[in-house]
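Structure, as structure tokens:
Each reported figure results from applying straightforward, stated rules to the coordinates on display, with no laboratory input. As the structure is a prediction and not an experimental result, all values here were calculated from the model. Methodologically, a virtual Cβ is constructed for each residue, glycine included, from the backbone with ideal geometry; neighbour enumeration extends over all protein chains shown.
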């Protein structure tokens with residue numbers, strides 16, 4: 001199998017506070033990894049280190065055989081291959097849905113506008129929002145916004161998708177539609193790392209679940225192993241809280 | 001961005017044409033004088049939007065003698081000397097009194113006008129000063145940097161308020177915040193004619209005179225200006241005498 | 001009434017000055033906007049050779065009187081061999097000055113945009129400049145439009161200082177009329193009225209643009 005990402009002994013501090021204390025992870029093509037763990041445990045920070053929204057102090061991040069750190073010269077090109085979906089959507093409010101989608105393809109990948117628009121229509125169809133193509137983000141529900149955000153990331157044809165608590169900011173009744181899109185994506189063979197508390201989703205889609213706590217991977221295993229028979233005490237108490 | 005850079009370069013090139021030796025003025029084809037056209041009848045803006053006046057006619061004469069066009073750069077009075085020093089203008093022709101202080105930084109032509117000062121007061125009041133000393137203990141408004149400013153500032157007991165424009169000084173007099181205005185006689189005459197509620201209570205011969213300002217060290221231009229002025233002072237009779245008697249000597 | 005008729009007969013003359021005032025302000029704001037945008041971004045840069053000069057620029061131009069700045073550009077630059085005519089000199093000085101104020105407005109505007117907008121842009125592969133140009137600045141400008149309108153109005157009034165180097169804008173032309181007619185009070189009042197009409201119109205236009213952008 002093709003190795004997409006390898007993280008070795010990753011350390012990250014904010015000032016004197018060490019958030020990641022040696023994280024190791026490998027992910028292969030087509031895998032979906034769900035990261036769980038208490039808030040403040042370093043899950044989001046870990047995700048943000050992968051596409052270098054955050055710098056790190058030591059360790060290695062190797063994406064498709066190339067190291068990602070502050071010396072990486074083609075960082076922007078690498079980022080086009082790593083899609084990211086944020087908790088608060090971060091859609092561009094001054095642009096319509098279509099403009100949100102075609103901005104990066106036309107400006108970064110330099111594909112023609114016509115081609116980008118065609119592509120946007122296909123992807124919007126896929127996330128079920130083709131009728132909102134000319135709407136502005138302010139006029140969308142939270143669930144619709146997050147589906148547009150996923151569509152926007154997909155426009156760049158990423159090799160890897162990072163989801164940073166994609167449903168945490170949503171009203172409960174809107175969570176389902178976003179998870180549906182994500183499941184669909186996972187089944188289509190996308191390689192994904194998802195930080196979430198949605199254990200139902202994890203159970204159904206994840207190849208592996210990783211429990212990050214206090215800056216380290218406290219436990220790792222298949223959904224079965226983790227959810228039915230957690231070895232770590234902290235994993236147990238965490239699961240008891242959220243289930 | 002390129003357009004802006006180009007514009008800037010053009011401005012620089014236009015700018016560097018200035019700086020006025022006699023040869024340069026002739027090559028450039030125009031004499032640039034600086035004046036403050038808020039000083040009628042010496043210089044002011046006419047109803048046709050032209051700067052006119054006694055000084056302007058003198059400047060025109062100098063330009064004519066040089067065989068070049070006259071360009072008038074209007075500037076506030078206290079900006080005239082800096083403008084001359086930084087080569088913005090060739091001459092100051094602005095009813096400027098020759099003073100020791102000014103003569104340290106610029107050269108002056110021979111005097112061309114006596115700067116007699118008028119004391120102007122409100123006509124309906126008893127206060128009628130006839131000499132500068134009568135103003136002691138009084139409040140007086142003047143135009144900043146003018147001869148009037150110089151003469152009243154010499155007397156410690158006078159409280160002086162200085163204005164950029166003499167019209168503002170008169171406004172102060174009208175509002176009764178000062179007791180008198182001291183300014184050049186010619187200017188005072190014009191004003192009092194329009195507003196008879198003010199009267200000239202005295203005209204003082206200060207011994208101060210107007211001169212044309214030339215950049216320090218520009219002797220060539222200074223000599224030329226002086227020759228034009230002295231020729232203007234000569235009557236047709238003087239010229240005849242010169243023609244028929246002095247040249248044959 | 002003579003006082004009123006003096007203003008009316010000289011209105012065309014004064015309006016030419018008002019037109020000059022508007023042009024002076026417009027071009028100065030234009031320079032200020034370009035300059036202020038870059039310096040405003042420079043103020044937020046983590047790179048010291050960009051950040052420090054930007055800060056020094058803003059502090060220096062805000063900390064010295066505009067009158068002095070105009071005089072330096074017009075009278076001082078010739079010492080360095082740069083001769084500017086009065087009008088371009090006034091535009092340069094006013095533009096440099098408003099650049100400092102607009103830089104602070106732009107800085108605040110950029111800071112008002114949530115960090116996630118920038119991160120989302122970068123995560124899609126946009127460069128820093130692309131993120132600024134397409135995502136941050138358009139939103140920032142929408143937010144700072146009222147402040148920019150204020151700066152425009154302030155500059156309209158401050159442009160009267162250009163009269164010290166002989167720019168015949170509204171104030172200067174007013175002085176010319178006063179020395180011709182001696183109608184000090186009514187001309188000053190007329191000038192004030194013209195300034196008010198200009199600034200009021202500008203603030204209306206800004207408000208209109210604001211509303212239109214709010215809809216979009």
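Summary of values
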read-out: Rounded if a/c under 1.5, otherwise prolate or oblate - segment C:2-215, Cα gyration tensor axes; value: oblate
read-out: Rounded to 5, percent antiparallel among DSSP beta bridges of the protein assembly as shown; value: 60 percent
read-out: Per-selection Rg to Rh, segment A:43-146 - Cα, Kirkwood hydrodynamic radius; value: 1.03
read-out: Computed FRET value (nearest 0.05) for residue A:57 with residue A:233, which takes r as the C-beta separation and R₀ as 22 Å; value: 0.15
read-out: Fewest-first ranking of B:120, B:130, A:148, using other Cβ atoms within 10 Å as the exposure measure; value: B:130, A:148, B:120
read-out: Within 10 Å of each Cβ in C:107-118, the average number of Cβ atoms from other chains; value: 2
read-out: Length-normalised contact order for chain A - Cα pairs under 8 Å, 6+ apart - percent; value: 27 percent
read-out: Taking the convex hull of Cα positions in chain A, its mean projected area over all directions (nm²); value: 13.4 nm²
read-out: Order of A:28, B:54, B:245, B:77 - criterion: other Cβ atoms within 10 Å of each residue's Cβ, fewest first; value: B:245, A:28, B:54, B:77
read-out: Sequence-separation-based contact order of chain C, relative, with Cα cut under 8 Å and 6+ spacing, percent; value: 31 percent
read-out: Angle in degrees between helix B:2-16 and the longest Cα principal axis of chain B, rounded to the nearest 10; value: 80 degrees
read-out: Order of A:127, C:206 under a 10 Å beta carbon neighbour criterion, fewest first; value: C:206, A:127
read-out: Prolate/oblate/rounded call for segment B:115-208, Cα gyration tensor, a/c under 1.5 rounded; value: rounded
read-out: Compactness of chain B as Cα Rg over 2.2 N^0.38 Å, two decimals; value: 1.16
read-out: Where the Cα pairs of the protein assembly as shown fall when distances are cut into 20 Å bins, in %; value: 14, 32, 21, 17, 12, 2, 0
read-out: Cα-based shape type of segment B:92-140, given that a ≥ b ≥ c are square roots of the gyration tensor eigenvalues and the cut on a/c is 1.5; value: prolate
read-out: Helix A:142-154 vs. chain A, principal-axis angle (Cα, 0 to 90°, nearest 10); value: 90 degrees
read-out: Rough spin-label spacing in nm, given labels placed 7 Å along Cα→Cβ, for residue C:16 and residue B:161; value: 3.3 nm
read-out: Value of relative contact order over segment B:115-208, rounded to a whole percent, pairs C-alpha under 8 Å and six or more apart; value: 48 percent
read-out: Residue C:59 versus residue B:177: modelled label distance in nm, points set 7 Å from Cα along the beta carbon direction; value: 3.8 nm
read-out: Principal-axis tilt of helix A:113-126 within chain A, Cα atoms, nearest 10 degrees; value: 60 degrees
read-out: Shielding by partners - mean other protein chain Cβ count within 10 Å, residues of C:171-182; value: 6
read-out: Spin-label pair residue C:34/residue B:136, simplified geometry with 7 Å Cα→Cβ offset, distance in nm; value: 6.3 nm
read-out: Most mobile listed residue (A:172, A:230, A:137) in chain A, GNM with C-alpha springs under 10 Å; value: A:172
read-out: Max mean-square fluctuation residue, GNM over chain C, Cα-Cα springs under 10 Å, options C:47, C:194, C:72; value: C:47
